[in-house]
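Notes follow the structure.
Any read-out appearing in this document is the output of simple, stated calculations on the displayed coordinates, not a laboratory observation. Just so it is clear, the structure is predicted and the values come from calculations on it, not from any experiment. When we count neighbours, we look across all protein chains shown, and the Cβ atoms used for this are built from the backbone with ideal geometry, even at glycine.
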Amino acid sequence: MLVEETVFGSETYGETLALRKRILRDPLGLEWTAEEEGWESRERHFAMKGDNGVVACVIIRSLGNGAVKLRQMVVEPEQQGRGIGRRLLGGVEKILIREEVDRIELNARDAAVGFYERLGFRKEGDEFMEVTIPHWKMVKTL
Ligand SMILES: CC(C)(COP(=O)(O)OP(=O)(O)OC[C@H]1O[C@@H](n2cnc3c(N)ncnc32)[C@H](O)[C@@H]1OP(=O)(O)O)[C@@H](O)C(=O)NCCC(=O)NCCS
C-alpha cells in the first residue's frame, strides 16, 4: 500500500470523506458543513488504498512559514494497530520534507495522543475541548 495524494472532488476523495464521516463524525453526531467544504477544496488530501479501496486518510493544511496543520487522520477500524497510521504519516512527512516544511501541528483527540507521541509529536499547552471531546495541541519539528 502506497501513500497517494488525491484531488479534492475525485472518487478517492469521496471515499476518504465517507471514512472520515463514519469514524470521526457520525459517532459525535457532527454534520458536514458548507464552511468545511470550502476549506477542504483548499487543503491537500492523502490516502492509502487496499484491495477494497481507501483504508486510511489524512488532510494537510498549509499555515505558511514552513508549517502545516494535520487534520482528520483516520485508519479503517479493522485495519488499526497494523502500522498503517505510521506508514501514512511517514509517507506524508517525506513529501512535506521535500517541500521544506519543518513543522506539523495538530489537535489530537485524547485517545489518539499516544499514537502521535510514538510518531514524535509533543503536547503543547493544556487540554481543551473541541467537537465536544478533550483535545491536545501537538507539534512535531521535521
Ligand atoms: C489513531 C489512529 C490513526 C492510529 O492508526 P493505526 O494504524 O492504528 O496506528 P499504527 O498501527 O500505525 O500505530 C503506530 C504506533 O502507535 C501506537 N498506537 C496506535 N494507536 C495508539 C493509541 N490510540 N494510543 C497509544 N499508542 C497508539 C502503536 O502501538 C504503534 O506503536 P509502535 O509502532 O511504536 O509499536 C487510528 O487508531 C484511528 O484511526 N483512530 C480513530 C480515529 C482517530 O482518533 N483519529 C485521530 C483523530 S485526532
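Placing pseudo-labels 7 Å out from each Cα toward the beta carbon at Glu78 and Ala34 gives an inter-label distance of 3.8 nm. Counting every pair of alpha carbons in the chain, the share spaced more than 27 Å apart comes to 15 percent. Distances between placed amide hydrogens fall under 5 Å for Arg103 paired with Val68, Leu142, all partners being 5 or more residues away or on another chain.
With a Cα cut-off of under 23 Å and a minimum spacing of 8 residues unless on different chains, the lysine pairs in the chain number 14.
Its relative contact order, with pairs defined as Cα atoms under 8 Å and 6+ residues apart, puts the chain at 20 percent. 3J(HN,Hα) couplings calculated from phi for the range 2-15 with the Karplus curve 6.51 cos²θ - 1.76 cosθ + 1.60 (θ = phi - 60°) are, in sequence order, 10, 7, 10, 8, 10, 8, 3, x, 6, 4, 5, 4, x, 5 Hz; Gly and Pro show x. For Ala56, the amide hydrogen comes within under 5 Å of the amide hydrogens of Met48, Glu76, counting only partners 5 or more places away or on other chains and with H modelled in the peptide plane. Between the range 110-127 and the range 1-67, the alpha-carbon centres lie 21 Å apart.
Between Glu100 and Leu119, the simple spin-label model (points 7 angstrom out along Cα→Cβ) gives 2.5 nm.
Per residue, the Cα convex hull of the range 77-122 amounts to 81 Å³. Helix content alone sets the calculated 222 nm mean residue ellipticity of the chain: runs of n ≥ 4 DSSP H residues at -39500 (n - 2.57) each, divided across all residues, give -7500 deg cm²/dmol.
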